[in-house]
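All of the numbers you see were taken from the coordinates with simple rules; none came from a lab. Remember, predicted model here, so these are calculated numbers, not experimental data. Here the Cβ positions follow ideal geometry from the backbone for every residue, glycine too, while neighbour counts run over all protein chains shown.
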Amino acid sequence: MNCRPAIIKETSRGIETVDTLSELYSSERMIFLNGKVDSDTCQDLITSLMYLETKDDDRPVTVVINSPGGEVRSGLAVYDVLRLMKAPVTTVCMGSASSMGSIIFLAGDKRIMMPHSELMIHDPSYGNLNVDHMKPHEIQERVDSLKKTGDELIRIIAQRTGRSEEEIRNKTREDSFFAAQEAVEFGLATAVAQTLKEVTNI
């Protein structure tokens, strides 16, 4: 049985029981991306971010990420929303942020690594591309589209890290892993957390 920890709080309506995720969201403006990046999780994330932005576009928002990555376009939609928000955005890598998880992490104005967390960047790939019955030009079109997507991601990483596109291209040819301090030194992150207060924006 999977149940969320709950807290008891006194409100204008009396004593209420509230789950901790809801409390962190409403009180501390913290959102969690835990798991695969796909259309469902990203839609929920975008809806939550837009709600917080319309409610108060001056208070900081924190997005805590522990994700193996997933769909490129869904992840880029979240990246765009985070970059367009007026509210200051802190992203936190807790565990790992890989592939599209790392791209979403890069959207933060402040990008915090937990001490034992890890980032991974790489070129996009097709998970299960079936080329049966495909003509050569159709296969080439798929390859060209994938390369175009890869170039988009390289530009984002280069822009956010201050590194050259060529340097990023060399890094993303293979899976490149960064421990917390390595991520800071490369420019992927801005700091390694020393206290939880840095993460919660309190």
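A few remarks follow.
- Interchain or long-range residues, amide H under 5 Å from residue 193's placed H: 113, 114
- Computed over segment 52-132, the ratio Rg/Rh where both radii use C-alpha atoms and Rh is Kirkwood: 1.06
- The length gained on full extension between residue 83 and residue 164, counted as 0.36 nm times the residue separation minus their Cα-Cα distance, comes to 27.1 nm.
- Each of 177, 186 has some number of other Cβ atoms within 10 Å of its Cβ, and from fewest to most they run 177, 186.
- Computed lengthening from residue 26 to residue 152, 0.36 nm per intervening residue step minus Cα-Cα distance: 42.0 nm
- According to the Cα-based calculation, Rg over Rh for segment 145-202 is 1.09, with Rh computed by the Kirkwood formula.
- Backbone HN-Hα couplings from phi across segment 29-40 [Karplus 6.51/-1.76/1.60, Hz, Gly and Pro as x]: 6, 9, 10, 10, 10, 10, x, 5, 7, 9, 5, 6
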